[in-house]
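A short reminder: the numbers here are calculations on the coordinates, not readings from a lab. Predicted model, so just to flag it, every value in this text is computed and none were measured. All Cβ positions, even for glycine, are placed from backbone atoms using ideal geometry, and neighbour counts span all protein chains on display.
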Ligand code: HEM
């Protein structure tokens with residue numbers, strides 16, 4: 001038997017909604033990242049939220065709508081070098097640690113998400 005508890009079971013949909021809302025609030029103010037993103041961030045917010053809910057064990061609505069994530073391919077149109085990767089990761093991890101502190105999330109769960117974001121941000125680098 002495998003442990004049926006996922007990160008999503010522990011933190012819930014709302015955690016990812018709030019994480020991504022805060023993350024994009026930071027992106028919208030960041031001169032390195034703003035040029036890469038559309039002016040209207042509402043679709044970006046919606047897709048990243050859906051992706052993370054799915055990735056961490058919640059609803060699979062993201063793939064029902066968008067198919068296989070193929071994240072490297074979907075990021076290929078954007079030039080992502082070390083500066084873009086670092087800016088992305090800094091906003092994500094800043095939002096993550098504040099939210100985890102506010103909600104008293106277990107440090108191992110926070111660490112697990114942080115390691116994923118670090119690994120995945122580097123794997124999106126294409127320049
Ligand atoms: C942990 C690493 C990352 C994850 C999980 C992630 C996830 C995503 C997802 C799910 C989408 C929407 C894909 C779709 O169309 O369904 C997306 C789009 C995008 N990502 Fe990332 N991403 C990551 C890293 C980065 C990095 C390092 C950059 C560089 C700045 C970046 C820039 C963008 C841009 C410009 C878009 C297109 C705008 C949008 O539709 O949101 N991403 N990303």
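Considering 85, 114, the condition of being more than 15 Å from residue 126 (Cβ to Cβ) and within 12 Å of the ligand (Cβ to nearest atom) is satisfied by 114 alone. Report yes if some residue within the range 25-37 is surrounded by 15 or more Cβ atoms within 10 Å (Cβ to Cβ) and more than 24 Å from residue 127 (Cβ to Cβ); otherwise report no. Taking every residue of the range 25-37 in turn, none turns out to be surrounded by 15 or more Cβ atoms within 10 Å (Cβ to Cβ) and more than 24 Å from residue 127 (Cβ to Cβ).
Within the range 16-54, the residues that satisfy the criterion of being more than 7 Å from the ligand (Cβ to nearest atom) and part of a loop (DSSP other than H, G, I, E, B) are 28, 29, 30, 31, 32, 39, 40, 41.
One residue stands out among those in the range 55-70 that are near the ligand (Cβ under 9 Å from one of its atoms) and surrounded by 13 or more Cβ atoms within 10 Å (Cβ to Cβ): the one that is nearest to residue 12 (Cα to Cα), which is 55. Residue count for the range 61-80 under the criterion of being without any contact (Cβ under 8 Å) to a residue 40 or more places away in the chain and either in contact with a strand residue (DSSP E or B) (Cβ under 7 Å, 6 or more places away or on another chain) or not in a helix (DSSP H, G or I) (or both): the result is 5.
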